[in-house]
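K.L.:
Please read through the structure below; I'll follow up with questions.
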Amino acid sequence: GAGVSQSPRYKVAKRGQDVALRCDPISGHVSLFWYQQALGQGPEFLTYFQNEAQLDKSGLPSDRFFAERPEGSVSTLKIQRTQQEDSAVYLCASGLTASTDTQYFGPGTRLTVL
Amino acid sequence: SQQGEEDPQALSIQEGENATMNCSYKTSINNLQWYRQNSGRGLVHLILIRSNEREKHSGRLRVTLDTSKKSSSLLITASRAADTASYFCATDTSYNTDKLIFGTGTRLQVFP
């Protein structure tokens with residue numbers, strides 16, 4: 001079956017632009033996670049959804065970052081007024097249950113802010 | 001912030017050799033996982049070990065967990081060129097099971 005997909009795979013934005021990154025989790029997966037991965041580092045947690053409920057957004061670095069999952073499937077991570085420090089790979093992962101056991105990752109979106 | 005520190009940061013070996021990488025973490029956990037990331041790709045789950053387990057095997061992988069030392073090791077036996085990747089440990093925390101906290105990763109290079 002299909003895995004987690006993300007689009008676009010690459011995004012170049014000018015500083016100050018808004019961007020929207022999409023994640024299509026595995027069908028039926030309850031949990032959905034967003035991570036930010038800087039070059040040469042491990043992923044850092046941004047936010048977590050259980051179905052359509054955003055239960056943890058403690059990792060979002062500023063109020064310019066916003067995530068939603070309105071119908072409990074597809075999720076969008078929006079970054080407003082992008083800054084150069086937002087350049088990173090944004091990874092989405094989904095899980096069958098509400099726990100953190102075995103997350104299935106998408107290929108990521110590489111965001112470059114010029 | 002990242003909970004896990006991995007050691008070594010980089011490792012180069014020949015095919016057929018064993019590769020050992022270590023992970024240390026800071027807080028009490030429910031489980032620890034290891035993931036692999038090929039260059040430019042997403043992460044792939046390798047193995048999960050729970051806090052009440054000390055050792056686990058999966059194919060050529062062997063994971064140990066020492067909760068008293070807050071450390072884990074991943075052993076890859078009889079390595080192959082295809083094992084070339086970055087390896088990350090990830091933990092939840094006993095007080096917040098909503099998220100995984102990843103280590104800094106070990107970059108493994110296996111030469112044919």
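K.L.:
With every protein chain kept in place and ligands, DNA and RNA left out, what is the accessible area per residue of the range A:6-114? Probe 1.4 Å, answer in Å².
P.N.:
47
K.L.:
I'd like to know which of A:Val12, A:Val89, A:Tyr48 lies farthest towards the positive end of the charge dipole of chain A, counting +1 on Cβ of Lys and Arg and -1 on Cβ of Asp and Glu.
P.N.:
Towards the positive end, the residue furthest out is A:Val12.
K.L.:
Could you tell me the total accessible area buried at the A-B interface, probe 1.4 Å, in square angstrom to the nearest hundred?
P.N.:
That pair of chains buries around 1700 Å² in total.
K.L.:
Which of rounded, prolate, oblate describes chain A, given a ≥ b ≥ c as roots of the alpha-carbon gyration tensor eigenvalues and a/c under 1.5 marking rounded, otherwise prolate only if a/b is larger than b/c?
P.N.:
Prolate shape, in that a/c is at least 1.5 and a/b is the bigger ratio.
K.L.:
Continuing with the same structure: Quick one: compute the contact order of chain B, relative version, from alpha carbon pairs under 8 angstrom and 6+ residues apart, as a percent.
P.N.:
It rounds to 39 percent for chain B.
K.L.:
What number does the range B:5-111 give for Rg over Rh if you use C-alpha atoms and the Kirkwood radius?
P.N.:
With Rh from the inverse mean 1/r over Cα pairs, Rg/Rh is 0.96.
K.L.:
Turning to a different aspect of this structure: Compute the accessible area per residue over chain B, keeping the other protein chains in place, probe 1.4 Å, unit Å².
P.N.:
With all protein chains present, chain B gives 47 Å² per residue.
K.L.:
Also: Restricting to Cα pairs below 8 Å that are 6+ residues apart, what does the relative contact order work out to for chain A? Please round to a whole percent.
P.N.:
Relative contact order for chain A comes out at 37 percent.
K.L.:
Keeping all protein chains in the complex and leaving out DNA, RNA and ligands, what accessible area do you get for A:Phe66 with a 1.4 Å probe, in Å² to the nearest 10?
P.N.:
100
K.L.:
For B:Arg60 and A:Ala98, what does the FRET efficiency come to when R0 = 25 Å and r is the distance between their Cβ atoms, rounded to the nearest 0.05?
P.N.:
Once the sixth-power term is evaluated, E becomes 0.20.
K.L.:
Continuing with the same structure: Among the GluC sites (Glu not before Pro) in the range A:17-78, which ones are in a DSSP loop with at most 11 other Cβ atoms within 10 Å of the Cβ? Mind listing them?
P.N.:
Qualifying residues, ordered by number: A:Glu71.
K.L.:
How much of the accessible area of the protein assembly as shown, probe 1.4 Å, is carbon plus sulfur, in whole percent?
P.N.:
46
K.L.:
Run through the range A:51-114 and list the trypsin sites (Lys or Arg not before Pro) located in a DSSP loop whose Cβ has at most 12 other Cβ atoms within 10 Å.
P.N.:
Passing sites in the range A:51-114 are A:Arg81.
K.L.:
Could you give the dipole magnitude of chain B about its Cα centre, charging the beta-carbon of Lys and Arg +1 and that of Asp and Glu -1, in debye to the nearest 20?
P.N.:
Here the size comes out at about 160 debye.
The values are calculated or read from the model by the stated rules, or taken from the named source; none is laboratory data. The structure presented is a predicted model; accordingly, all values stated were derived computationally and were not measured. Backbone-built Cβ (ideal geometry, glycine too); neighbour counts: all protein chains shown. All accessible areas refer to the heavy atoms of the entire protein, side chains included, with ligands and DNA or RNA removed. Shrake-Rupley method; radii C 1.70, N 1.55, O 1.52, S 1.80 Å.
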